[in-house]
Each structure stands twice: as structure tokens, then as C-alpha cells.
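A short write-up of the structure that comes next.
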Amino acid sequence: MESGQISDYGFLADGRSAALVDSSGSINWWCPGRFDAPSVFGRLLDDGAGHWAIQPAVDFTVQRRYLDDTLVLRTVFRTAQGEVALTDALAFEPGARGHEIGAHSPQVLVRSLRGLSGAVPMRVLYRPRFEYGRAIAYLVERDDMLEAIAGAARLTLRSDVRLSSGDGEATASFTVRAGETRNFSLGYAPTYDSPLPEVPDADQTIADTVAGWRSWAEQHDYQGLYPEQVRRSRLVVQGMTYGPSGAVVASVTTSLPEEVGGERNYDYRYVWVRDFSLTLRALWRSACVEEVQRQFAWLGRAMGRVDDEPVPIMYGVLGERDLTEHRLEQLGGYRDSPPVMIGNNAWQQRQTDIFGEAMDAAWLMRDKLEPMDPEVQHVLRVLADQAVRVWMLPDAGMWEERGVQHHHVSSKVQCWVALDRAVRFGDRLGGPQDVARWAAARDEVRAEILERGWSERLQSFTGSFESEELDASVLVMPLVGFLRADDPRMRSTIRAVEQGLSHDGLLRRWDGDPAGFLICSFWLVCCLALAGERDRAHELFGVLAGRVNDLGLFAEQIDVLTGEQLGNFPQAFSHIGLINAAGVLTDVERDPVARGLGMPPAHFSPVRQ
């Protein structure tokens with residue numbers, strides 16, 4: 001693995017924040033407090049933005065893995081002098097188990113170094129840089145701890161090793177022999193109006209955090225195909241869940257580029273309604289239905305009472321709406337790929353596909369929503385009514401085009417989904433006149449899509465009305481029940497999209513897209529399976545699942561020529577795509593009804609052995 005690539009990183013999480021640690025033992029990203037908070041280690045985006053390295057002082061090789069059913073990372077360094085193991089974890093609250101994990105995490109990063117053989121010379125470089133690298137902290141020794149304070153943040157480091165501090169950093173050199181342990185605990189807290197950061201015992205904290213992760217995993221008994229891949233992806237999605245609210249962020253990083261040297265760099269540390277819907281489907285697939293009511297409660301609170309005003313397409317983890325972006329000029333960007341942005345102006349866009357995605361999730365989970373909460377009922381009615389009013393308008397689409405709007409076919413399809421599911425809900429959402437109005441609009445949308453979204457020349461549905469350009473987003477059509485996958489028009493579309501946009505199993509979103517977009521590739525797996533091409537679907541799934549890094553993590557995209565992972569990391573969309581594709585493959589293999597109907601409708605239960 002080449003150092004410095006996105007795939008070089010491991011992912012730690014505690015239900016509040018996330019840290020990324022590279023294979024050399026350097027933590028290069030941590031935004032304590034919450035996922036979208038300012039970083040205290042930001043070397044991922046600029047060498048001067050802070051990091052914390054614990055590594056051998058001599059040449060070494062690395063083997064690493066997560067402890068089973070956890071996001072606790074164990075890295076083994078092998079040297080000519082011997083071997084040492086470094087275990088890294090973001091701590092849970094002591095005793096937190098099951099669905100309680102992450103709700104009250106103490107904001108503590110623990111690192112435990114243990115000698116396995118020989119005597120290995122080690123070094124530590126602790127260089128915190130607050131506010132995305134803007135602030136160099138004062139380092140002050142207090143009793144047996146080293147305190148770093150700058151502006152609104154403070155860190156307290158407790159270590160078995162004596163560190164020498166000065167000029168905003170601390171260092172240490174020491175030797176670890178077989179059987180010896182050296183522990184480090186780093187606690188975060190706001191500078192004012194809060195107690196000192198916690199610095200608990202590292203060994204006990206790691207053991208308790210491992211138990212917390214495993215207790216959560218034990219409650220989710222997925223029995224479908226590809227269980228190992230699904231279990232790992234399910235843990236990753238849980239790691240991107242903000243414990244206090246239950247919201248799932250799209251990623252834990254900002255501004256990792258879609259193309260090295262490119263400028264399409266966005267902040268993904270927020271919650272998209274689109275992702276919310278697909279996340280719920282993935283949780284359902286992986287036997288995690290207990291959280292559904294909490295998820296819908298979050299959505300209802302985030303949206304508030306919406307009537308005629310536009311429905312926001314994304315939120316902060318506590319439901320914040322104003323996510324106005326600005327550039328961090330002090331950071332050079334990942335591998336010199338500026339700009340580095342915080343905030344995301346997509347919050348102001350019209351994306352009409354969100355109506356269908358949220359409504360489809362509600363229909364899928366409807367048994368868990370009974371009796372239906374009045375706030376949820378109101379939200380669903382609003383989604384259907386707004387779909388009636390705006391389906392004919394152009395929008396930015398699911399790829400969030402900036403500065404332009406088109407009549408995106410996938411957006412129209414999702415408006416059809418919103419109306420179709422509203423009709424299915426019937427009197428649980430509205431009276432006979434409402435249902436009739438939704439049904440009439442649904443049929444009108446469908447007719448427009450079939451007429452204006454089809455290209456005779458390409459023999460395919462295209463990205464927008466009256467277009468001659470292929471777009472992978474149309475692969476959602478059979479996945480939401482708009483057309484059967486074995487319908488001749490859909491078969492032809494699948495073939496055209498695969499031939500025009502695929503490279504070695506990686507599907508680009510459009511012609512000219514710089515890299516393969518992983519969730520689109522998993523949509524292709526689903527479409528092939530549902531169209532009866534099961535062998536090809538399984539083969540493609542295997543190819544895609546093999547594209548993870550050594551820890552089972554996906555970024556957003558993969559370069560079709562080099563195989564390098566690109567985009568924000570890890571990416572919920574990609575892991576959700578894997579879970580849902582595994583679920584469709586399971587349905588198609590085990591349930592003859594699924595083979596004829598396309599994407600399993602909501603009345604199917606997750607398949608159990």
C-alpha cells in the first residue's frame with residue numbers, strides 16, 4: 001500500500017467523532033466533539049495541520065486488522081529488532097452496550113503499545129494543531145499529564161512515557177521489549193464551562209470499548225449472503241452514526257478530491273435525506289430494524305413543520321439547516337488538491353428525488369412506524385403533496401450539479417415513488433380525494449418518464465429528458481419498482497449503461513466522470529441479479545467487494561485505471577451499496593417471487609435462514 005493514499009487509512013469512531021490513522025501509526029484526522037467540528041489533527045489535508053505518530057524509530061513493515069466485530073484497530077510493526085503491536089480506539093462511555101454505544105462517549109482517544117518480541121526502539125511525535133491547523137497550542141505539564149490549550153479546545157495527554165515538549169509539540173524516544181506495555185490516553189473538552197478532559201486507563205478503556213462494539217454486533221443477526229462483508233460495512237455505517245441524535249453522516253472527512261489535483265472537493269460530514277433513506281434500507285437488510293423509529297423521529301425533528309416551503313435536502317447532525325460553505329485558505333488540501341471547504345452549499349439546492357427516497361423508506365419500514373406518530377404522518381403527507389407540485393420542475397439531481405438544473409430522469413422516478421407509496425399508504429396519510437390526487441399525478445409522471453426519458457438512438461433511458469447522454473442514476477428504476485429489471489427497455493438500458501460507462505466493473509456516473517462511483521457499481525449488481533443474470537451479478541459483486549482497502553473500507557470512488565480510492569473516506573454510500581446489493585442477491589437466490597418482481601417490495605421481510 002502506497003503511503004499517503006486515502007486507502008492507507010484506518011477508521012476509528014465513538015458515536016460522536018471519528019479519527020483516521022495511517023499505516024505508519026500516525027493519527028492524521030480527528031475532529032473531537034462532533035463529526036463536523038474543527039480538527040485538532042488535520043495532517044490529512046495539510047502537513048502543518050497536526051498529527052500524532054507512534055511508530056518504530058527503525059525500518060518496519062506493517063500488518064493490521066480490526067479486532068473482531070469492532071472498530072478498534074490493531075497494527076503490528078515488524079522490525080529487524082522485534083515486533084510491537086499498537087492498539088487504537090476512540091472510547092465509548094464505560095459500560096455502554098448495544099444501542100447505547102455512542103450516546104455519551106467521553107471524547108477520549110486511547111493508544112496502547114505492547115512488545116511482542118525483541119526490543120524495538122520507538123518514537124512519539126505529538127503535534128496538535130487546533131481550528132483546522134490555525135492555532136498552535138500551549139503545552140503545559142500538570143502533574144502526570146500534558147495539557148494543550150488553544151482557543152476553544154483543550155487536550156489532556158496521559159502517558160507511561162516521559163515526553164519532552166516545546167514549540168507546540170512533544171516528542172519521546174524509548175524502547176519497548178517483549179511483554180512490556182506503554183499506554184497513552186488523550187482526552188478532549190471545550191476550554192470553558194466544562195470539566196477537564198477525561199484521561200482513563202488505556203487498557204481498561206480499550207477492553208470496555210471492544211465489549212461495547214461486540215454487544216452492538218450481537219444484536220444484528222444478518223443471515224444472508226456475503227455475511228463477512230455485510231458485517232464489516234454495517235459496523236462502518238454505525239461508526240458514522242452520531243449517537244445523540246441517530247443521524248448518519250455521509251462521510252467523516254471533508255475535501256478529499258474526486259480526482260487528485262481536481263477541484264470537486266466537498267464537505268461530507270452532514271446528513272443527506274437521500275442517504276438517510278438508503279441507510280434505513282441497509283439497516284433493514286442487515287437486521288437492524290430497532291432503530292427505525294428513532295431515525296424517523298430524527299427526520300421529523302430536523303424537517304420541522306414544513307408545508308409549502310421547500311424541503312431541505314440535508315442537515316447537520318442535530319438538524320441544523322444553514323450549512324453555508326467557505327474555504328479554508330490555510331490548508332493546501334489532500335496531496336496538494338485545494339480547495340479545502342467546510343460547509344456544503346448543496347443545502348440550498350432543489351433535489352426532488354428526496355421525496356421518493358424518504359417515502360420509500362417509510363413504506364419499507366411501515367410496520368415499525370405503527371401506530372404512526374402525527375409528526376411522521378405530517379412529514380409524509382408533505383412529501384407527497386410537494387411531489388405533486390414540483391415534479392415537473394428541473395432540479396440539481398442526485399449528483400448535485402451546481403449552477404444548472406435539468407429534468408433529471410432519476411428525480412422524476414423518485415417523485416413517482418413518493419406518489420406511488422403515498423397511494424399505497426392510503427387512508428393512513430390522507431382522505432379519498434388526497435389519494436386520488438396522488439394517483440393521478442403518479443400516472444402522469446410515469447407517462448412523461450417513459451416518453452421523454454427514453455432515447456431511441458441509444459435504446460436506453462438517459463440522464464435527463466430529451467437527452468442523448470447516459471447516466472448511471474437510471475439504474476434505480478428497477479430498484480424502486482418503476483420497471484421490472486427484465487422489461488425489454490430496462491434490459492436495454494442496463495446493457496447500454498454498462499457498455500458505455502463501465503470499466504473493469506467500475507461504473508462511472510456519466511461519460512467524463514473521472515472515476516468509478518461505487519454505489520452505482522453496486523446498483524448494477526442489483527440490476528443484473530434482478531434481470532436474471534445471477535452469475536454475472538455475483539462475479540461483479542466479488543470484484544467490487546475486493547476493492548476495499550486492507551481493513552475493509554471504501555471511499556466514494558475508485559480510479560478506473562490505477563485502482564486508487566478517491567473521494568471522502570470512509571463513505572457511507574459505498575458501504576450501504578454493498579449491504580443492499582448483498583441483500584438483493586440473497587433475495588434472488590432464495591425467493592422465487594423476487595426474481596420476477598424486481599427490487600423486493602416492502603412487504604418482504606429480510607431473509608432468514
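The values are calculated or read from the model by the stated rules, or taken from the named source; none is laboratory data. All of these numbers come straight from a predicted model, not from anything done at the bench. Using ideal geometry, Cβ is built from the backbone for each residue, glycine included, and neighbour counts are taken over all protein chains shown. Calculation scope for accessible area: heavy atoms of the full protein, side chains included, ligands and nucleic acids excluded. Shrake-Rupley method; radii C 1.70, N 1.55, O 1.52, S 1.80 Å.
The set of residues in the range 370-388 being touching a residue at least 24 places away in the same chain (Cβ under 8 Å) and open to solvent by 60 Å² or more (accessible area, probe 1.4 Å) consists of D373, E375, Q377, R381. Would it be correct to say that L256 is open to solvent by less than 10 Å² (accessible area, probe 1.4 Å), under 16 Å from S574 (Cβ atoms), modelled with pLDDT of 90 or more and assigned to a loop (DSSP other than H, G, I, E, B)? The answer is yes for L256. Tallying residues that are among the aliphatic types (A, V, I, L, M), surrounded by 23 or more Cβ atoms within 10 Å (Cβ to Cβ) and over 14 Å from the mean Cα position of the chain (by Cα) within the range 549-565 yields 1.
Kindly provide the set of residues from the range 312-332 that are open to solvent by less than 100 Å² (accessible area, probe 1.4 Å), of a type in the set (D, E) and without any contact (Cβ under 8 Å) to a residue 24 or more places away in the chain, ordered by number.
E320, the sole residue that qualifies.
Among the strands (runs of 3 or more DSSP E) lying completely within the range 163-203, list those that include at least 3 residues that are of a type in the set (V, I, T).
Values: elements: 164-166, 169-177, 181-190.
In the range 163-203, the matching strands (runs of 3 or more DSSP E) lie at 169-177.
So that you can scan it fast, the table gives a plain yes or no per residue for (1) in contact with a Gly (Cβ under 6 Å, 6 or more places away or on another chain); (2) at negative phi:
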position	(1), (2)
A153	no, yes
F174	no, yes
E180	yes, yes
D193	no, no
E198	yes, yes
Q204	no, yes
A207	no, yes
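With the condition kept exactly as written, say whether any residue in the range 449-468 is farther than 20 Å from G356 by Cα and open to solvent by less than 10 Å² (accessible area, probe 1.4 Å). Before you say what the answer is, go through the steps one by one.
Start the filter on the range 449-468 by keeping residues that are farther than 20 Å from G356 by Cα, which leaves 451, 454-460, 466-468.
Going one step further and asking which of them are open to solvent by less than 10 Å² (accessible area, probe 1.4 Å), we end up with 455, 460.
Within the range 449-468, one or more residues are farther than 20 Å from G356 by Cα and open to solvent by less than 10 Å² (accessible area, probe 1.4 Å).
Every test in (1) out of contact with any Leu (no Cβ under 9 Å at 6 or more places or on another chain); (2) modelled with pLDDT of 95 or more is passed by G33 save one, and that test is (2). For the range 293-311, the count of residues that are out of contact with any Gly (no Cβ under 8 Å at 6 or more places or on another chain), open to solvent by 10 Å² or more (accessible area, probe 1.4 Å) and within 22 Å of V230 (Cα to Cα) is zero.
Is it true that some residue in the range 209-220 is open to solvent by 10 Å² or more (accessible area, probe 1.4 Å), among the hydrophobic types (A, V, I, L, M, F, W, C) and under 19 Å from W30 (Cβ atoms)? Among the residues of the range 209-220, not one is open to solvent by 10 Å² or more (accessible area, probe 1.4 Å), among the hydrophobic types (A, V, I, L, M, F, W, C) and under 19 Å from W30 (Cβ atoms), which makes the answer no. The number of residues in the range 400-418 that are surrounded by fewer than 22 Cβ atoms within 10 Å (Cβ to Cβ) and among the polar types (S, T, N, Q) comes to 1. Looking at this structure, is E228 within 24 Å of I313 (Cβ to Cβ), acidic (D, E) and open to solvent by 10 Å² or more (accessible area, probe 1.4 Å)? For E228, the condition - within 24 Å of I313 (Cβ to Cβ), acidic (D, E) and open to solvent by 10 Å² or more (accessible area, probe 1.4 Å) - is not met. Among the residues of the range 13-39, just one is in contact with an Asp or Glu (Cβ under 7 Å, 6 or more places away or on another chain), open to solvent by 10 Å² or more (accessible area, probe 1.4 Å) and without any contact (Cβ under 8 Å) to a residue 24 or more places away in the chain, namely D22. In the range 333-352, the condition of being part of a loop (DSSP other than H, G, I, E, B), of a type outside the set (A, V, I, L, M, F, W, C), more than 28 Å from A472 (Cα to Cα) and open to solvent by less than 30 Å² (accessible area, probe 1.4 Å) is met by at least one residue. Of the residues making up the range 389-399, those that are open to solvent by 30 Å² or more (accessible area, probe 1.4 Å) and over 28 Å from the mean Cα position of the chain (by Cα) are R389, M392, L393. Among the residues making up the range 101-145, those that are under 26 Å from the mean Cα position of the chain (by Cα), of a type in the set (D, E, K, R) and under 30 Å from V58 (Cβ atoms) are R111, R129.
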